[in-house]
1. Taking the conditions exactly as written (modelled with pLDDT of 95 or more and buried (at least 23 other Cβ atoms within 10 Å of the Cβ)), does Gly96 satisfy them or not?
2. Going through the range 242-258 one residue at a time, which ones are of a type outside the set (Ser, Thr, Tyr) and surrounded by 18 or more Cβ atoms within 10 Å (Cβ to Cβ)?
3. Just to be sure before I move on: is Lys227 open to solvent by 10 Å² or more (accessible area, probe 1.4 Å), in contact with a Leu (Cβ under 8 Å, 6 or more places away or on another chain) and either farther than 21 Å from Thr100 by Cα or of a type in the set (A, V, I, L, M, F, W, C) (or both) in the structure I sent?
4. Note down all Cβ pairs under 6 Å where the first residue falls in the range 8-36 and is within 19 Å of His236 (Cβ to Cβ), the second is small (Gly, Ala, Ser) and surrounded by 16 or more Cβ atoms within 10 Å (Cβ to Cβ), and they're at least six residues apart or on different chains.
5. Scanning for something under 15 Å from the mean Cα position of the chain (by Cα), modelled with pLDDT of 90 or more and in a loop (DSSP other than H, G, I, E, B), does the range 19-30 turn up at least one residue?
6. Taking into account only those residues within the range 80-93 that are touching a strand residue (DSSP E or B) at 6+ places or on another chain (Cβ under 7 Å) and part of a helix (DSSP H, G or I), which is farthest from Glu8 (Cα to Cα)?
7. As an exercise: evaluate Lys44 against (1) in a loop (DSSP other than H, G, I, E, B); (2) modelled with pLDDT under 95; (3) closer than 28 Å to Tyr223 by Cα; (4) open to solvent by 10 Å² or more (accessible area, probe 1.4 Å) and give the number of the one condition it does not meet.
8. Out of the residues in the range 99-121 meeting the condition of being polar (S, T, N, Q) and more than 12 Å from the chain's Cα centre (by Cα), tell me which one is surrounded by the fewest Cβ atoms within 10 Å (Cβ to Cβ).
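The values are calculated or read from the model by the stated rules, or taken from the named source; none is laboratory data. For clarity, every value in this text was computed on a predicted model and none was experimentally measured. Glycine also receives a Cβ, built like all others from the backbone with ideal geometry; neighbour counts cover every protein chain displayed. These accessible areas exclude ligands, DNA and RNA; they are computed on the full protein's heavy atoms, side chains included. Shrake-Rupley method; radii C 1.70, N 1.55, O 1.52, S 1.80 Å.
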Amino acid sequence: MNLQIRQEGDFQYIDEGKGEVLLLLHGLFGALSNWNGVVDHFSKNYRVVIPLMPIYEMALHKAGVPGLTSFVEDFVKFKKLRNLTVLGNSLGGHVGLAYTLKNADMVQRLVLTGSSGLFEDSMGGSFPKRGNYQYVQERVGYTFYDPKTATKELVDEVFSITNSNAKCLRIIAIAKSAQRHNMAKDITNIKVPTLLIWGLNDTITPPLVGYEFNRLIENSELYFIDKCGHAPMMEHPEKFNSILEKYLVNTPITATAT
């Protein structure tokens, strides 16, 4: 589906459908289009909201997990959202974890897929390698089990980002912040129902990371998708949506969403 980006105040976001709120958080190189399959499927019965996180525009001294967590807090307050199901991929999962720890009363369910926060072979650590399209293409392809999932549009977008000094500085700052903010000691405090959907062939946050999240988060369920890399919702959207839908139905929220 064609996602309509809305502008309100200082925020750009997607807001589709009505019902319980699914708050989707994208990763470091995550385009909103990464969530097309999720929005298309779930906006029929849920309200799917995706804030465009200011990864490439935020003040350099705020470029990190705490700064992005504060941004999500501001966005949720601005939109007056409550009773959230927070769903994060990669860095978005890391921010989702931090947000949930600080705002447990706002979160009904947490869904992590390829989340950082424990260990990640960070793409940002190897950038910038400016002007080398083939290198960027290989690194984007490395995200997926099937490199063909990395469309030319996606590679072009990442290539454009890596050719900006200002954006590269923020990518590096955020990647380093993610590595510093290891959450192994904190996430045992997460008590909300948590769904973990992992690619069995994820090379950035390998399956062992999924198992470790499952061990540390008391009320969590872990599912693997075979022949799948770091972004299951992109590479196997039907399988991803099926696992998520069953979980949402079987784990009802305890309050009425507004």
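1. Yes: the conditions hold for Gly96.
2. Ile243, Leu244, Leu248
3. yes
4. Between residues of the range 8-36 that are within 19 Å of His236 (Cβ to Cβ) and residues that are small (Gly, Ala, Ser) and surrounded by 16 or more Cβ atoms within 10 Å (Cβ to Cβ), the close pairs are His26/Gly92; Gly27/Ser90; Gly27/Gly92.
5. Within the range 19-30, one or more residues are under 15 Å from the mean Cα position of the chain (by Cα), modelled with pLDDT of 90 or more and in a loop (DSSP other than H, G, I, E, B).
6. Gly93
7. That leaves (2) as the condition not met.
8. Restricting to residues being polar (S, T, N, Q) and more than 12 Å from the chain's Cα centre (by Cα), the top hit is Asn103.
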